[in-house]
1. May I ask which residue of A:THR45, A:ILE154, A:VAL67 lies farthest towards the positive end of the charge dipole of chain A, with charges of +1 (Lys, Arg) and -1 (Asp, Glu) on Cβ and the Cα centre as origin?
2. Looking at chain A as a GNM with Cα springs under 10 Å, which of A:ASP158, A:ASP288, A:ASP76 has the largest mean-square fluctuation?
3. Between A:LEU183 and A:THR15, what is the label-point separation in nm under the 7 Å Cα-to-beta-carbon projection?
4. Treating cross-link reach as a plain straight distance, find the lysines whose alpha-carbon is under 20 Å from the alpha-carbon of A:LYS298, omitting any fewer than eight places away in the same chain.
5. Rolling a 1.4 Å sphere over the protein heavy atoms, what is the accessible area per residue of the protein assembly as shown, to the nearest Å²?
6. Only Cα pairs under 8 Å and at least 6 apart count here; give the relative contact order of region A:213-296 as a rounded whole percent.
7. Among the residues of region A:76-124, which ones have their accessible area go down by 40 Å² or more when all the protein chains sit together, as opposed to their chain alone (1.4 Å probe)?
8. Apply the Karplus curve 6.51 cos²θ - 1.76 cosθ + 1.60, θ = phi - 60°, to the phi angles in region A:252-260 and return the couplings in whole Hz, x for Gly and Pro.
Amino acid sequence: MSDIQLKNLTKSYGTYTAVAGIDLKIGEGEFFSLLGPSGCGKSTTLRMIAGFIRPTSGEIFIGSDEVTALPPEKRDIGIVFQNYAIFPHMSVAENIAFGLKLRKRPKEEVRSKVKAALQQVGLAGYEDRYQRQLSGGEQQRVALARVLVTEPRILLLDEPLSALDKSLREEMKYWIKDLQKRLGITTVYVTHDQDEALTMSDRIGVMQKARVVQVGTPEEIYERPKTLFVTTFIGHSNVIDVTVVSKGPDMMVVLDGRKLPTRGPENLEAGRAAKLVVRPENVLINPDARASVTLSAKVIGESYQGAIVRYRLGIGAQEIIAERQNSIGNERFSPGAEVMIGWDPGMTEVLAT
Amino acid sequence: MAPAPRKAMSEPGLWWLCLPAAAVFVVFFVIPVASLFGLSFNKSVAGVISYSNELTFDNFVRIFTRATYYEAILRSIWIAAVVSVTSLAFGYPLAYLIAKTTHPGRNTLLMILVLSSMQLDMVIRLFGLMVLFGDNGLINGFLLYLGLISRPLPLMYNTFGVIVGLVQITLPFMVLSLIGIIKAIHPSLEEAARSLGASRLQAFFSIVLPLSMPGILAGALLVFALSISSYVVPALMGGWKVIVLPIHIYQQIAEVGRWQFGAAIAVVLFVTSVIAVAIYHQAAARTSGGRT
């Protein structure tokens with residue numbers, strides 16, 4: 001078990017910069033996700049940690065060892081690929097024994113460790129199967145067993161769930177997280193799926209255009225986004241045009257001619273145009289006393305989603321989305337209805353445009 | 001997890017798609033070769049091609065009782081085997097390079113280089129080799145000029161020359177058989193092996209090479225079949241001194257006019273080739289764990 005440190009890690013291809021000076025410290029035993037859209041550099045970062053890509057500049061530490069110049073086989077890492085990369089010409093047992101045989105472990109030890117590893121991933125008795133006889137989920141478990149049996153210092157997961165169907169993905173999400181917790185292994189998880197990142201991670205690093213734009217716990221990332229990109233990439237957000245009236249913790253903004261309390265950074269001066277960000281689930285319709293901010297709005301559209309009902313609401317010329325639990329007793333609103341909406345200022349954020 | 005290929009023949013209503021090719025194959029291959037083979041059981045008479053009903057094994061007895069013929073059988077097999085191995089040794093690295101070159105321009109250039117050697121007629125290519133390899137050729141001339149040798153090296157009109165010629169002709173076939181297979185090996189397999197502790201070389205020998213086996217087998221078979229049946233290369237590069245079965249066939253039919261005996265040698269060549277391929281296939285299937 002080791003922590004991971006990236007110092008000013010950069011990778012450029014000619015004039016194109018894939019990763020631009022990333023500084024990160026991933027703690028021992030931590031489940032850390034790199035989250036971002038495709039092409040943001042998250043996979044390149046992971047592949048640099050694994051040793052498949054040589055960084056243009058910067059340093060990588062695993063534990064106290066600098067590994068920047070080491071080939072992958074000397075880094076003592078485990079990586080699970082998107083396609084699992086099960087060796088098709090070897091049985092499941094041979095796949096799992098691969099790393100142990102390279103380490104010249106005695107035959108008896110290899111056999112018992114393979115057996116224990118299969119037990120651990122819930123595939124006891126699968127020794128003699130081949131890749132073509134395994135489902136996607138089973139291949140993934142074999143890939144994990146193959147990696148974990150070598151007791152790597154860190155575990156790297158490159159979009160391991162994206163090839164699975166939805167229900168299996170849900171199941172594997174919790175299964176991987178449980179396994180990681182049980183083993184306490186430092187894990188870097190690359191994904192473009194915000195749900196995976198939010199449910200599995202201890203901390204998330206959101207990447208955009210070769211840079212890490214925000215690092216934080218899932219709650220911080222979701223509830224305290226630092227940029228518009230973060231708030232729109234992770235979950236849905238209403239991004240509303242407002243004008244700043246006063247800055248600081250007791251920030252006031254003007255929306256549709258009304259002065260509203262909210263919060264925002266110190267660097268937004270009064271008079272500036274800014275964006276008020278509020279999550280659809282925090283927009284209450286005909287709220288009770290909890291909402292200290294209320295506005296009148298008009299229902300433009302209603303869309304039924306099963307567990308929730310999503311409303312499009314007009315405030316002046318702007319449109320926002322509100323989501324309501326579709327529980328028994330919850331009133332439904334038809335398009336054209338005049339309603340009051342409200343929210344808790346503590347659940348809003350003002351960001352620079 | 002490649003899905004099992006659907007059997008086209010089992011698709012109802014599609015079987016007729018094979019008719020045009022089957023017709024060409026029957027009319028222009030099966031019938032002529034079968035009738036030639038039929039001739040081999042007739043008594044050998046110079047200048048006669050018509051069938052007689054008197055069947056005899058005289059021609060075959062003659063082939064297996066005369067050293068000149070059965071030595072030619074062994075020589076043919078040996079040369080074809082050496083060419084297969086040599087072609088593989090030269091072809092694999094090139095095919096690997098082409099398969100791993102992702103830059104489209106460079107990839108195309110390499111493919112053109114491989115294919116361009118197939119654009120010229122075989123005889124022209126061999127004449128080119130002769131200019132290089134002859135006693136007064138460029139290589140010997142250069143070495144003589146430098147004083148490194150005092151008389152020309154025997155580069156041609158011997159087995160060595162024939163093998164060089166055959167390797168030159170068959171190399172593109174080997175490379176083309178290998179490229180597709182190597183390309184199909186997902187790079188993450190090699191990376192997975194590396195991350196599990198394998199060096200570059202260990203990853204190659206434990207992952208890439210075993211997974212290339214289908215291409216290696218196909219390429220080697222193709223090269224073997226091309227080599228054992230080649231007439232032009234042994235004739236030009238061997239200068240009629242390296243006598244392989246196709247040379248005997250040509251001599252018997254085109255020079256002596258004994259079609260029946262020539263046909264018998266052709267039958268022996270064909271059967272030899274089939275047996276060699278069958279043995280090879282068995283052995284190969286065993287070494288690659290039945291994954292061919």
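The values are calculated or read from the model by the stated rules, or taken from the named source; none is laboratory data. The structure displayed is predicted, hence computed values, not measured ones. Please note: Cβ atoms are built from the backbone with ideal geometry, for glycine as well, and neighbour counts cover all protein chains shown. Accessible surface areas use protein heavy atoms only, side chains included; no ligands, DNA or RNA. Shrake-Rupley method; radii C 1.70, N 1.55, O 1.52, S 1.80 Å.
1. Positive-end residue among those listed: A:VAL67.
2. A:ASP288
3. Roughly 4.4 nm, to one decimal.
4. A:LYS259
5. Roughly 49 Å² per residue, with all protein chains present.
6. Values: 112 pairs, mean separation 20.7, N = 84.
So the answer I get is 25 percent.
7. Output list: A:PHE81, A:ASN83, A:PHE87, A:PRO88, A:HIS89, A:PHE98, A:LEU102.
8. 3J(HN,Hα) across region A:252-260, in whole Hz: 10, 10, 10, 10, 6, x, 10, 8, 10.
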